[in-house]
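Beneath this line is the structure, given in structure tokens, with notes to follow.
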Amino acid sequence: MKPEIILVEPMMASVEAALDAAYTVHRLAAAPDRAALLAAVGPRVRAVVTGGATGVSNAVMDACPNLGVVTINGVGTDAVDLRYAAGRGIRVTNTPGVLTEDVADLALGLIIAVSRRLIVGDRFVRAGQWPKAKLPLARKVTGKRLGIFGLGRIGRAIAERAAGFGMSIAYTNRTVCEDVPYRCLGSLEELARESDILVVAASAGPENRNLVGRAVLDALGPEGVLINVARGSIVDEAELVAALTEGRLGAAGLDVFADEPNVPQALWSLDNVVLQPHVASATVETRTAMADLVLANLEAFFAGQPLPTPVV
């Protein structure tokens, strides 16, 4: 008999087909009664597949007493209680590395879209306003001061791209990175004060929750731009909305939000904000590579072999 697994949320059709071929897949999102499904199949389930933003709750893990691995289709692990999983002897894997380039690409895309008002210009043309009216001047990208919060794989890839635009780059990180030419500043507020554009690329977690708050946003200032391609929980969303609507922050490009998929309606009509539905890694190539890692981790687990990309 095929091993039984739980799929927390839908994945690409090709990946689900591969999962169905190798496992008996119980789809939690499609279940009319999730509690009933977990009660019925939980004791037989040894693996859970989920997305980085969705994760898996402790309650779901508790419903699967023989659970051995949680495979995350993404790099973020903040939606899984890693300490709890470790205490249960549950291994956790993710898909690091393969999404770095796409996330960095989107960060630069958001910088350009926000600064050069690309979305506003697109709407302007589609509305038939050209040449009836003129758009206000946009902001230059080349040569700006870029601050990066979190100089991990993604932060470094963003910095490499920004260097091609002649930007001066500074960062703040848990540790000083001796192998990079960028300035390391001692606090996030100091970094914001010395940046024209601040990119959030840090890992999420309790220690970073709402860390980009009023003080940081005010330090960035009414001409500053905030870009977030990390997690919505890192930014105090209420303070961000207030700063944008009150003119204390110049603009923002956001791929992630505090309560996805719910985006504050106050942001919908703002011309100085570019919104994306958490799609930084959403390319065919990268999602395929992520899925390959998910499948490889599952295969290794059930074969009793070392996991390719373990977190715990």
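Each value in this text was obtained by applying a stated rule to the coordinates, not by laboratory testing. Just so we're clear, the structure is a prediction, and the values are computed from it rather than from any experiment. A quick note on method: Cβ atoms are made from the backbone with ideal geometry, for glycine too, and the neighbour counts reach across all protein chains shown.
Compared with the direct C-alpha span, the chain from ALA303 to GLU260 gains 11.9 nm at full extension, assuming 0.36 nm per residue. Each residue of segment 279-294 is assigned a 3J(HN,Hα), and the resulting list reads 10, 4, 9, 8, 10, 4, 5, 6, 5, 5, 5, 4, 4, 4, 5, 4 Hz, derived from the Karplus form 6.51 cos²θ - 1.76 cosθ + 1.60 (θ = phi - 60°), x at Gly and Pro.
With a cut-off of 13 Å between beta carbons, the residues surrounding THR100 carry a summed charge of -2, where Lys and Arg count +1 and Asp and Glu -1.
Summing Lys and Arg as +1 and Asp and Glu as -1 over all other residues whose Cβ lies under 11 Å from the Cβ of GLY55 gives a net charge of -3. Close amide-amide hydrogen proximity is noted between THR24 and GLU4, ILE5, each under 5 Å apart and 5 or more residues distant or on a separate chain (H modeled in the peptide plane; Pro and chain starts excluded). Helical content of the chain, expressed as a calculated mean residue ellipticity at 222 nm, amounts to -10000 deg cm²/dmol (DSSP H runs of 4 or more residues, -39,500 (n - 2.57) each, divided by residue number, nearest 500). Note on segment 8-67 and segment 171-249: Cα centroid distance 35 Å, given to the nearest whole angstrom. Scanning residues 5 or more positions from VAL49 or on other chains, those with amide H under 5 Å from its amide H are ILE6, LEU7, VAL8, THR71, with H placed 1.01 Å from N in the peptide plane. Note on segment 138-194: semi-axes of the ellipsoid equivalent to its C-alpha gyration tensor, largest first and rounded to whole Å, are 18, 14, 9.
Bridging of LYS132 to aspartates and glutamates at a Cα separation below 18 Å is possible for ASP122, once same-chain residues fewer than 8 apart are set aside. Applying the Karplus relation 6.51 cos²θ - 1.76 cosθ + 1.60 with θ = phi - 60° to segment 87-103 yields 3J(HN,Hα) values of x, 8, x, 8, 6, 10, 10, 9, 10, x, x, 6, 9, 4, 5, 5, 5 Hz, where x marks Gly and Pro.
The relative contact order of the chain, computed from alpha carbon pairs under 8 Å that lie at least 6 residues apart in sequence, is 16 percent. Annotation for LYS140 and SER269: the two label points, set 7 Å from Cα along the Cα-Cβ direction, are 3.4 nm apart. What the Cβ-Cβ distance of ARG123 and GLU9 gives, at R0 = 45 Å and to the nearest 0.05, is a FRET efficiency of 0.90.
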